[in-house]
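Take a look at the structure set out below.
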Amino acid sequence: MSEREHDVVLFGATGFVGRLVAAYLAEAAPPDLRVALAGRSREKLTATAADLPGAAQRWPLLEADTGDAGSLERLAASTRVLVTTVGPYQRYGLPVVEACARAGTHYADLTGEVLFVREAIDRCDAVARETGARLVHAAGYDSIPSDLSVFLLAERARSDGAGGLTDVRLVASLKGGFSGGTVDSMRAQIEQMATDRSLRRVIGDPYALSPDRAAEPGTRQPPDVAPPALAADGRWTAPFVMAPFNTRIVRRSNALQDWAYGRGLRYGESMSAGRGVTGALTAAGITTGLAAAFGAMAFGPTRALVDRVLPAPGTGPSEAAREKGFFRMVVDAHTEGGRHYRATAAGPGDPGYKATSVMLGQVALGLALDGDRLPDRTGSLTPSTALGDVLVERLRAAGHTYDVVEA
């Protein structure tokens, strides 16, 4: 791919998150990296470029549309790496990932949609393995902190001779709102299930993203929507909205590595709601609110009311609000050898916007610059199986925390 015109193309550069990723790449990319911005409207691309610093204002602008297969083929063939923020991915993403798989172009997205990833695997994995493309799904807050934390825990346990992982639980703390794109993706997936009831079985399968479903162990997994509970340290926990997606990414990573984390891995996620009576009430409120929101989005007459309250696609918080946000994941893991480890993944900035732009930006840079250090895998991958320790190192250097200690 060395003869290609671009090293990295950012598709969706005119959207809210796309502009944030463009701004991050303008700061973090080496001066000689050949970056281009892509989208449907040259006028909007010009406006995006005008807001970038220095030489990034002169990055090439490429017009492409998800409804125009020819434009996507040309886009994919022009670059070594294509990252896309154009969602919902089930609605707009499949032609993009297919074009990259055929062209042998490395690809990354921000999807949190189980149904999209499952279909992308079925359509593109074999093709990408033949062409040498790395197709990296879930390269943002969904699901890099979860995926890399369990990857590091398994790596530490293996180096200590502690055996495979058994019970692993993540508790998420964060400050920041839902992105409009995330909400739109959830809405699109709910609409799909309403029109095709068989998709509910896919969503409900804890191993929905497995590369070999028949070979998965019969290990019983924790519920995706965990009820409020009082943790050993006195914190109340509540359901974590992205657990049904993140957990499947982690289990796919395990299977793609021949279950190197352990065939007895039981992995679940929840979110911190605080301590004492306030924590208990917060946990109950989160549980009730999530159930009401999902129920309303699934029911036509109330969907319009929810749409008025939740953020619209292409919108997001102010810069000041993004700066005040943060994420922190604490992951406790027990091993077959009876050891207990704790991983911490954390970073500054609103997780769905600022932190995600750092994550996707570093995935793009890792795919473009660190090819000789990446795991020897191609096809439909996860962040940990595509980039592994390279991504951990990059995110640490970018100001994020990824640590493991024995508890």
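Report ³J(HN,Hα) in whole Hz for each residue of region 10-22, in order, from the Karplus equation J = 6.51 cos²θ - 1.76 cosθ + 1.60 where θ = phi - 60°; Gly and Pro get x.
Karplus values, whole Hz, x for Gly and Pro: 9, 9, x, 5, 8, x, 4, 5, x, 5, 5, 5, 4.
When the Karplus curve 6.51 cos²θ - 1.76 cosθ + 1.60 is applied with θ = phi - 60°, which whole-Hz ³J(HN,Hα) does each residue of region 134-139 get, with x for Gly and Pro?
3J(HN,Hα) across region 134-139, in whole Hz: 9, 10, 10, 8, 6, 9.
If the cut-off is a Cα-Cα distance under 25 Å, which lysines reach LYS175, setting aside same-chain residues fewer than 8 apart in sequence?
LYS324, LYS354
Compute the length gained on full extension between ASP122 and LYS175: take 0.36 nm times their separation in residues and subtract their Cα-Cα distance, giving the result in nm to one decimal.
Details: separation 53, 0.36 × 53 = 19.08 nm, distance 3.55 nm.
Additional length available on full extension: 15.5 nm.
Hey, what number do you get for the chain at 222 nm if only DSSP H runs of n ≥ 4 count, each worth -39500 (n - 2.57), divided across all residues, to the nearest 500? Kindly include the intermediate steps, with their values, before the conclusion.
Numbers: 15 runs with 183 residues, N = 407.
Helices in the chain give a 222 nm mean residue ellipticity of -14000 deg cm²/dmol.
Amide H of ALA273: which non-local residues (sequence gap of 5 or more, or other chain) have their own amide H closer than 5 Å, using H built in the peptide plane?
Amide H neighbours of ALA273, under 5 Å, 5+ apart: TRP236, THR237, ALA238.
Could you compute how much accessible surface VAL202 exposes when probed at 1.4 Å, giving the result in Å² to the nearest 10?
Result for VAL202: roughly 40 Å² accessible.
Can you tell me what share of the DSSP beta bridges in the chain is antiparallel? A percent to the nearest 5 is fine.
50 percent
Using a 1.4 Å probe on the protein chains only, how many percent of the accessible area of region 124-172 belongs to carbon and sulfur?
46 percent
Which distance in Å, rounded to a whole number, links the C-alpha centroids of region 333-407 and region 126-167?
When both Cα centres are located, 8 Å separates them.
Report in % the part of the accessible area of region 1-110 that belongs to carbon and sulfur, leaving out ligands and nucleic acids; probe 1.4 Å.
Looking at region 1-110 in its full context, I get 47 percent from C and S.
Which residues make up the longest stretch of the chain that has no trypsin sites (Lys or Arg not before Pro) in a DSSP loop with at most 12 other Cβ atoms within 10 Å?
Formally, the longest exposed-site-free interval is 1-196.
Kindly give the semi-axes, whole Å and largest first, of the ellipsoid equivalent to region 142-278, taking each as the square root of 5 times a Cα gyration tensor eigenvalue. Don't skip to the end; give the middle numbers.
Working: eigenvalues 120, 102, 36 Å².
Each semi-axis is the square root of five times an eigenvalue, giving 24, 23, 13 Å.
Under the definition of Cα pairs under 8 Å and six or more residues apart, what whole-number percent is the relative contact order of region 1-57?
40 percent
Looking at the square roots a ≥ b ≥ c of the eigenvalues of the Cα gyration tensor of region 1-84, which shape do they give, rounded for a/c under 1.5, prolate if a/b is larger than b/c, or oblate?
Oblate is the answer for region 1-84, as a/c is 1.5 or above yet b/c matches or exceeds a/b.
Amide H neighbours of ARG134 under 5 Å, counting only residues 5+ apart in sequence or on other chains, H built in-plane at 1.01 Å?
It is HIS106, TYR107, GLY379, by chain and number.
Rounded to the nearest 20 Debye, what is the dipole magnitude of the chain about its Cα centre when Lys and Arg each give +1 and Asp and Glu each give -1 at the C-beta?
It works out to roughly 780 debye.
ALA13's amide H: which non-local residues (gap 5+, or another chain) put their own amide H closer than 5 Å, with H modeled 1.01 Å from N in plane and none for Pro or chain starts?
For ALA13, whose amide H was placed from the backbone, the distant partners under 5 Å are ALA38.
Given the options ALA69, VAL35, VAL86, identify the residue whose Cα lies farthest towards the positive end of the charge dipole of region 29-100 (+1 on Cβ of Lys, Arg; -1 on Cβ of Asp, Glu).
VAL35
Give me a comma-separated list of calculated 3J(HN,Hα) values for region 325-337, in order, Karplus coefficients 6.51, -1.76, 1.60 applied at θ = phi - 60°, integers in Hz, x for any Gly or Pro.
These are the phi-based 3J(HN,Hα) values: x, 6, 9, 8, 10, 10, 10, 9, 9, 10, 10, 4, x Hz.
The values are calculated or read from the model by the stated rules, or taken from the named source; none is laboratory data. Every value quoted in this text rests on a predicted model; they were computed, and no experiment measured them. All Cβ positions, even for glycine, are placed from backbone atoms using ideal geometry, and neighbour counts span all protein chains on display. Please note that ligands, DNA and RNA were not included when accessible areas were found on the heavy atoms of the full protein model with its side chains. Shrake-Rupley method; radii C 1.70, N 1.55, O 1.52, S 1.80 Å.
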